[in-house]
Amino acid sequence: MNAIDETQSRRWRLVLGTAAEQPLGGLGAADDEAMDRALGALYNTDDQTSGKRSAGLGGSAPKVARWLGDIRTYFPSTVVEVMQRDAVDRLNLTQLLLEPELLEAVEPDVHLVGTLLSLNRVMPETTKATARMVVEKVVREIEQRVAAHTVAAVSGALNRAARVTRPRLRDIDWDRTIRKNLANYLPEHRTVVPERLVGYGRKAQAVRRDVVLAIDQSGSMASSVVYASVFGAVLASMRSLKTSLVVFDTEVVDLTEQLTDPVEVLFGTQLGGGTDINRALAYSQSLITRPADTLFVLISDLYEGGIREEMLRRVNAMRESGVQVVVLLALSDDGAPAFDHDNAAALAALGVPAFACTPDKFPDLLALALDRGDVQAWANRNAGTS
């Protein structure tokens, strides 16, 4: 057997488990055997009487912590995150996540943060400090990933809105001025005569736009809550924006005052429960004082437990008053979740498309919306609804 065949045989043996040992051969290397044990504990334990897979890690937090250490040793972080999520689902490890020693062993990611936030109200005091450290690590990583792009994209949109044609000398944008006046180039003098100056008004400290983020905190929206909270904090740091953030289920909570610390925002949420989008819209309308200068972003799967007709009327009233309305079915890397197709279609009929957006693309969407660009066309190119 050549090296390529041996590699393929080894990979298939690890994928298929001990049942494939006879046709494919055993695993010789100690690391391979350790990987096989880690995979087998999660995927290969069968209950022969019921035909169902059963847990292979038992109920011991130290044992689970050792398993988590093993998978971090033998698998890349992207695979570790998948295995952790599978372990929570398949082996019912939710309650064990309340153990500090287990939290210290996990690979933090957005999905783990969502699980911890859903357990926030039942979490013992001995675990809360560790859980906060896990959440903070994920939040800071997301901030590093998105903050610079968000500030640059949003600042560009706001600067375009503030551009003037009779700027003061120190406010002239010389690059754009030269581009606008290339037709006035004088070869004999090797210069451009600027008939039209382009620059920016002196509004650097003025609030130019209001942004209201309304986030559905039902259980299926956990990743979106995490990302939206981080983006809210980044936007709140920009003086040219007035940013408000509310989260809702059947109640509405205004977390604007906590926006300086997205970790505080997240611990102020209560994942799970019902959904009353209409009630959230009613509260959000009370925050809008400058409709023509306001961007309203609703992040929800649109499963409405409140009054559907009023919800649609409120969205339409916002739009007609001049508010730029954007509806996201998800703000996460997971794609569009299950969502209410009838409500999405009804919003589209009002001229408000509903679609999913990844965190990496959200800054560009924000910039486009603040610039009052064609959100529907952008969604068709970059996002999805299913």
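Summary table below
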| item | result |
| --- | --- |
| Alpha carbon centroid spacing (whole Å) that separates segment 270-329 from segment 215-256 | 13 |
| Segment 211-306: trypsin sites (Lys or Arg not before Pro) in DSSP coil with no more than 12 other Cβ atoms inside 10 Å | ARG239 |
| Per residue, in Å², the accessible surface of segment 191-339 once ligands and nucleic acids are set aside, probe 1.4 Å | 38 |
| Highest to lowest packing among 323-329, 70-76, 360-366, scored as the average C-beta count within 10 Å | 323-329, 360-366, 70-76 |
| Ranked packing of 141-147, 302-308, 122-128, most packed first, by mean Cβ within 10 Å | 302-308, 141-147, 122-128 |
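The values are calculated or read from the model by the stated rules, or taken from the named source; none is laboratory data. Just so you know, these numbers come straight off a predicted model, no measurement behind them. Glycine gets a Cβ as well: all are built from the backbone with ideal geometry, and neighbour counts include every protein chain shown. Accessible surface areas use protein heavy atoms only, side chains included; no ligands, DNA or RNA. Shrake-Rupley method; radii C 1.70, N 1.55, O 1.52, S 1.80 Å.
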